[in-house]
Amino acid sequence: MLKRYASLLALLPVLSAVTPMALHAQDTAAAPTRARRVLSHFDIGVSGIAFFTKDVSGTVASSSFGQNYNFTQSASSAAGVLATIRAQKSPWKGLEFNYGYGRTTESYTCCNVSSNNGTYLGPFQSQATASEYTIGYLVRPDRKIFGFQPYVAAGAGVYEFKPTKNGGQGLQPQARATYYYSVGGESMITPSFGIRAGFRQLYYKAPDFGQNYLKITKTTFTSEPQVGIFYHF
């Protein structure tokens, strides 16, 4: 009996050293589990998009030309990219953050008016980059349609137009408040990667770049079909 107690006593230093190490290993193993649980609600995606913007027309009351005149403003169709981060707590509770980028040409078709000092206003174009910064509410119903999980999102943010250095006609950058919605579907192709396809529309006032002679204050919208991939953590 004494020998047995002596053996147990001899093991006490070893147990006192091993036990903290085992507890630390258990905490370390639990930490990544918690991190994975949080990250499992997130995904990040990149899509190719196309721009199609509705033409708008209006009347300008320009002090520069001393008369009212009409013109039509149109934007060229273009291609761009959309980056999205999504966080989903449940099928009916989610958020998404969007950054979109593309380059477009704003065309102004006017009536060939001239001012008293000889300034002439005719048809002209301004090339600009268009950058979207939006946040929206996201819904992903817990069901599939033809193998794709549908989604719907709507939100608001800023749409910034920045004339290019060489083709911007010296105009100033301008940011417009914008509202958007998007619908689409997505499907996982591996446990972590999926494909996404959808359609979006952004509503905002047509840019006038802060120029009185371009101000018609008309609301237009840009339609954006998208196709891309995403990574689910």
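The values are calculated or read from the model by the stated rules, or taken from the named source; none is laboratory data. All figures in this text were calculated on a predicted structure; none of them were measured in a lab. Cβ placement follows ideal geometry from the backbone for every residue including glycine, while neighbour counts extend to all protein chains displayed. Accessible surface is based on the protein model in full, side chains and every heavy atom, while ligands, DNA and RNA are left aside. Shrake-Rupley method; radii C 1.70, N 1.55, O 1.52, S 1.80 Å.
The table below gives the values:
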{"quantity": "Number of the exception - Ser114 against (1) modelled with pLDDT under 95; (2) surrounded by 16 or more Cβ atoms within 10 Å (Cβ to Cβ)", "calculated": "(2)"}
{"quantity": "Which listed residue is of a type outside the set (Lys, Arg), closer than 25 Å to Phe233 by Cα and in a strand (DSSP E or B), from Ala175, Ala154, Ala128", "calculated": "Ala154"}
{"quantity": "Residue list for region 202-215, filter: under 30 Å from Pro150 (Cβ atoms) and either of a type in the set (Asp, Glu) or open to solvent by less than 20 Å² (accessible area, probe 1.4 Å) (or both)", "calculated": "Leu202, Tyr204"}
{"quantity": "Qualifying positions in region 203-224 - assigned to a loop (DSSP other than H, G, I, E, B) and of a type outside the set (Phe, Trp, Tyr)", "calculated": "Ala206, Pro207, Asp208, Gly210, Gln211, Lys215, Ile216, Thr217, Lys218"}
{"quantity": "Members of region 131-172 found to be open to solvent by 100 Å² or more (accessible area, probe 1.4 Å) and more than 11 Å from the chain's Cα centre (by Cα), listed by number", "calculated": "Tyr137, Asp142, Arg143, Lys144, Phe146, Lys162, Lys165, Asn166, Gln169, Gln172"}
{"quantity": "Region 62-81, subset modelled with pLDDT of 90 or more and of a type in the set (S, T, N, Q), residue least open to solvent (accessible area, probe 1.4 Å)", "calculated": "Gln73"}
{"quantity": "Counted residues, region 173-186 - those being over 14 Å from Gly100 (Cβ atoms), open to solvent by less than 30 Å² (accessible area, probe 1.4 Å) and either modelled with pLDDT under 95 or of a type in the set (Gly, Ala, Ser) (or both)", "calculated": "2"}
